[in-house]
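S.K.: My questions will all concern the structure given below.
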Amino acid sequence: MFQASEWAGRCLLSRSDLKIPEHIAVIMDGNGRWAVEQGLPRTEGHRAGEEALMRWVRAGRKLGVKEMSFYTFSTENWNRSVSEVNFLMNISKEIMVKRAPEFIDLGCQVRWVGRKGRIWSSVLRELEVIQEKTKRCTDMVLNFCINYGGRAEILDAVNEIIDNASAGKLKKVTEKSFAKYLYSPTMRDVDLLIRTSGEVRTSNFLPWQLVYSEMVFIEDKWPDVDESTLIRCLEQYTSRDRRFGKA
Ligand code: IPE
Ligand code: IPE
Ligand code: MG
């Protein structure tokens, strides 16, 4: 016997009419506004956002998505209050520790995507631990973009290319060889970008990888999303005609 909610989930996820993107990238936005609406401190929105993240990781996995990338902390988010930055660094660390068993159960290979430098070393240590623990998981790649900025990623790549060229190791770059210098050289192009909370912009997220992705912007604030919200986004994705420049 299934519980009612479990049964509903099974029905939703057995929809064979949906096209399933290989790589979904998510701008999880609206945590702060969600909290303020309920008279709570902004940080409670981030806490509720962790549950939403897990709901989408489970749903993505059940649907057979191959790669999911979550924008967790941008290079611009350092401009927030010290207490919010501290909270976000701490919760990123906590998620890696607390959720490791479930990521392994789900077969998720966790990867950190971002710039070294300002990110706390204690966060980096936990990211290294979870990357090591999940390195043999092959069902889904789960990228956490923390201290990530698209311009930073491109500039870091360009500077490494300049170093290699000056050392005589390189003469020219192609689209394919350039991608090898990105933070995650094996990251697929994004098929579907989803942003919550009604904002319609990409906020420095994955500019190289997004060039041909379909984009879906929804009004729901991130802590409110569940499996059915993801299905709604996939319905839009399924209706799109991806032409890649062809007539
Ligand atoms: C997204 O929610 C989480 C991060 C950027 C870390 P916000 O914190 O941006 O929430 P709003 O946009 O202020 O509501
Ligand atoms: C983008 O959201 C960054 C993350 C979700 C981590 P922001 O809330 O920081 O973006 P802007 O400032 O509204 O563009
Ligand atoms: Mg925001």
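The values are calculated or read from the model by the stated rules, or taken from the named source; none is laboratory data. Quick caveat: nothing in here was measured; it's all calculated off a predicted structure. FYI the Cβ positions are ideal-geometry reconstructions off the backbone, even for glycines, and counts take in every protein chain you see. To get the accessible areas, we keep the full protein, side chains included, count just its heavy atoms, and leave off ligands, DNA and RNA. Shrake-Rupley method; radii C 1.70, N 1.55, O 1.52, S 1.80 Å.
S.K.: Which members of the stretch 24-38 meet the condition of being open to solvent by less than 70 Å² (accessible area, probe 1.4 Å) and away from ligand 3 (no atom under 11 Å from the Cβ)?
M.R.: ILE24, ALA25, VAL26, ALA35, listed by residue number.
S.K.: Could you list, in sequence order, the residues of the stretch 65-100 that are closer than 18 Å to ARG115 by Cα, away from ligand 3 (no atom under 16 Å from the Cβ), open to solvent by 10 Å² or more (accessible area, probe 1.4 Å) and polar (S, T, N, Q)?
M.R.: Within the stretch 65-100, ASN86, ASN90 meet the criteria.
S.K.: Checking the structure you have, find out if any residue of the stretch 106-119 is open to solvent by 30 Å² or more (accessible area, probe 1.4 Å) and farther than 25 Å from ASP189 by Cβ.
M.R.: Quick first cut of the stretch 106-119, residues open to solvent by 30 Å² or more (accessible area, probe 1.4 Å) only: 106, 109, 111-112, 115-118.
Subset that is farther than 25 Å from ASP189 by Cβ: 117-118.
Yes; the residues of the stretch 106-119 include at least one that is open to solvent by 30 Å² or more (accessible area, probe 1.4 Å) and farther than 25 Å from ASP189 by Cβ.
S.K.: For the stretch 167-222, enumerate the residues that are assigned to a loop (DSSP other than H, G, I, E, B), within 16 Å of ligand 3 (Cβ to nearest atom) and open to solvent by less than 70 Å² (accessible area, probe 1.4 Å).
M.R.: THR196, SER197, GLY198, GLU199, THR202, SER203, ASN204, PHE205, ILE218, ASP220, LYS221
S.K.: Please go through the stretch 143-166 and pick out each residue that is of a type in the set (D, E, K, R) and exposed (fewer than 15 other Cβ atoms within 10 Å of the Cβ). Before you say what the answer is, go through the steps one by one.
M.R.: Pass one, the stretch 143-166, residues of a type in the set (D, E, K, R): 151, 153, 156, 160, 163.
Passing the criteria: ARG151, GLU160, ASP163.
S.K.: Just name the residue that is farthest from ligand 2 (Cβ to nearest atom) out of those in the stretch 207-224 that are of a type in the set (A, V, I, L, M, F, W, C) and in contact with a Leu (Cβ under 8 Å, 6 or more places away or on another chain).
M.R.: Per the criteria, the residue is TRP208.
S.K.: Show the residue pairs that are 6+ apart or on different chains and have beta-carbon atoms under 6 Å apart, the first residue being within the stretch 27-45 and within 8 Å of ligand 1 (Cβ to nearest atom), the second being assigned to a loop (DSSP other than H, G, I, E, B) and aliphatic (A, V, I, L, M).
M.R.: Qualifying pairs under 6 Å: none.
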